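Inspection log for the structure reproduced underneath, given as structure tokens.
The values are calculated or read from the model by the stated rules, or taken from the named source; none is laboratory data. Keep in mind the model is a prediction, meaning the values are calculated, not measured. We place every Cβ from the backbone using ideal geometry, glycine too, and count neighbours over all the protein chains shown.
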Amino acid sequence: MKKILSVLLVLSLTVSMMMSLGGCFKRNPFLGRWEAEMNLTEVFNNELGNDEAAKYLKVDELELKFIYTFKEDGTYKTEPDIEECNEAINELKISLRKGMEEYLKAEAAKQGIAYMGVDEILSYSNTTMDEIMETMYKEANFDKIIETLKNEGKYTVVGNKLSTTESLDQEIEDGGYELFEVIDDDEIKLTIPEEETPDELIGVYPIILEKID
């Protein structure tokens, strides 16, 4: 009887210890679907450069909404919110056209022909504003930009570091990482060490993930 009680006591203590230790292992906070707005304003403006035309083409705001899905099997995917992204790109096109018109007017003013309208100015070059903007849109490849925003890869969560790959074939060790802070069950803040931020990502972080389901 004493032996049985001793065994039961050991089992009880073992279970208690396991449950206690279990509390030390935090659940994966990323599981599920999230949405986030990525601020690409500075990225876009930096790509324009610093010539005279760029001063007129730079935008005040360019944000694209993404859906992030993190699965239990260690894979994730990101996809753009099609409707929101199309709206943002349409607004970008309007802004670029307005900026180009202002640039052409400014250039005309330098040559003393400020009284002319944009269409009249362009008529001397046998072109139109529509043709100029269509060429610009094609070079920017706006028609395919939505597709390029889709991504799928692997991920791991260790401490406050989210490591990801850019494809399912890539190994975690060869991918990049972001630091994260769990604000609450429905919000996570992603950052990246400032000294390690590549030029093409300046202004993008922090990224706030908001839980969908």
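Here is how the numbers come out for the structure above:
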item: Segment 72-85 residues that are more than 14 Å from Ile146 (Cα to Cα), paired with ones that are assigned to a loop (DSSP other than H, G, I, E, B) and not charged (D, E, K, R) (beta carbon under 7 Å, 6 or more apart); result: Glu72/Leu31; Thr75/Leu168
item: Residue match in segment 167-176 (condition: modelled with pLDDT under 90 and assigned to a strand (DSSP E or B)); result: yes
item: Total residues in segment 179-213, condition aliphatic (A, V, I, L, M) and part of a loop (DSSP other than H, G, I, E, B); result: 4
item: Pairs with Cβ under 8 Å, 6+ apart, first in segment 133-148 and farther than 25 Å from Glu166 by Cβ and modelled with pLDDT under 85, second assigned to a helix (DSSP H, G or I) and not small (Gly, Ala, Ser); result: none
item: Residues being in contact with a Phe, Trp or Tyr (Cβ under 8 Å, 6 or more places away or on another chain) and either among the β-branched types (Val, Ile, Thr) or over 19 Å from Met133 (Cα atoms) (or both) - total across segment 57-76; result: 8
item: Criterion violated by Gly99 - all others in (1) touching a Leu at 6+ places or on another chain (Cβ under 7 Å); (2) surrounded by 14 or more Cβ atoms within 10 Å (Cβ to Cβ); (3) over 27 Å from Pro206 (Cβ atoms); (4) free of Cβ contacts under 8 Å to residues at least 24 places away in the same chain satisfied; result: (4)
item: Residues satisfying the stated conditions in segment 190-200, i.e. out of contact with any Leu (no Cβ under 8 Å at 6 or more places or on another chain), under 22 Å from Glu63 (Cα atoms) and either surrounded by fewer than 14 Cβ atoms within 10 Å (Cβ to Cβ) or modelled with pLDDT of 95 or more (or both); result: Glu194, Pro198, Asp199, Glu200
item: Every residue from segment 28-74 that is over 16 Å from Asp213 (Cβ atoms), aliphatic (A, V, I, L, M) and in a strand (DSSP E or B); result: Met38, Leu64
item: Total residues in segment 129-186, condition surrounded by 15 or more Cβ atoms within 10 Å (Cβ to Cβ) and among the acidic types (Asp, Glu); result: 1
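For every residue, the table says whether it meets (1) under 20 Å from the mean Cα position of the chain (by Cα); (2) more than 21 Å from Asn28 (Cα to Cα).
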| site | (1), (2) |
| --- | --- |
| Thr128 | no, yes |
| Lys138 | no, yes |
| Ile145 | yes, yes |
| Leu149 | yes, yes |
| Gly176 | yes, no |
